[in-house]
1. Spin-label point model (7 Å from Cα, Cβ direction): what's the N77 to S122 distance in nm?
2. Using Cα springs under 10 Å in a Gaussian network model of the chain, which residue among A41, A61, A97 shows the largest mean-square fluctuation?
3. Excluding ligands and nucleic acids, what accessible area in Å² is computed for D108 using a 1.4 Å probe, to the nearest 10?
4. For the stretch 10-17, just list the computed ³J(HN,Hα) in residue order, Karplus coefficients 6.51, -1.76 and 1.60, θ = phi - 60°, integers in Hz, with x standing in for Gly and Pro.
5. Express in % the proportion of alpha carbon pairs of the chain at distances exceeding 27 Å.
6. With a probe of 1.4 Å, find how much accessible area the chain has per residue, and write the answer as a whole number in Å².
7. On the protein heavy atoms, probe 1.4 angstrom, tell me the percent of accessible surface of the stretch 33-122 carried by carbon and sulfur.
8. Taking the Cα-to-Cβ direction at Q3 and at N85 and moving 7 Å from each Cα, how far apart do the two end points lie in nm?
Amino acid sequence: QAQLTESGGGVVQTGGSLRLSCVTPGRIYSSWVMAWFRQAAGKEREFVGLWRRNTGRTKYADFAEGRFTISTDNPLNTVYLQMNNLDPGDTALYYCARGIQFSMDPSDYNTWGQGTQVTVSS
């Protein structure tokens, strides 16, 4: 059963923006790494970006660098993915995941949400 809940997906035109949210059941512990992945139809799940709670350190995929930003709220139970300048190549199901390793490998994450669909029209 998914313990993370994503929202904020939708349909947007090329060049538009969306902000995805990922809500955890409680406060994000300091040892956790919160990550975003995406999976387009017929493709494997790929890394988008991650944030480590205790250091605040982030890492982004090359395609996300400069366009996507991960942030959190003050109670530290929600992680956001702000996506700007979207293009049709960003169309995918976006997942939030939780782990303890600073990793881009989805197999290192043991808790996932059900995903939120992002569709970018040309």
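The values are calculated or read from the model by the stated rules, or taken from the named source; none is laboratory data. Values in this document were obtained by computation on a predicted structure and should not be read as measured data. Note that we place each Cβ from the backbone using ideal geometry, even for glycine, and neighbour counts take in every protein chain shown. Keep in mind that these areas ignore ligands, DNA and RNA; they rest on the heavy atoms of the full protein, side chains included. Shrake-Rupley method; radii C 1.70, N 1.55, O 1.52, S 1.80 Å.
1. The modelled label-to-label distance comes out at 4.3 nm.
2. Between A41, A61, A97, it is A41 that shows the largest mean-square fluctuation.
3. Looks like 50 Å² after rounding.
4. Result, ordered by residue: x, 9, 9, 7, 3, x, x, 10 Hz.
5. Working: 747 of 7381 pairs.
Here the long-distance tail beyond 27 Å is 10 percent of all Cα pairs in the chain.
6. Values: 6290 Å² over 122 residues.
Heavy-atom SASA per residue in the chain reads 52 Å².
7. 42
8. About 3.7 nm separates the two model spin labels.
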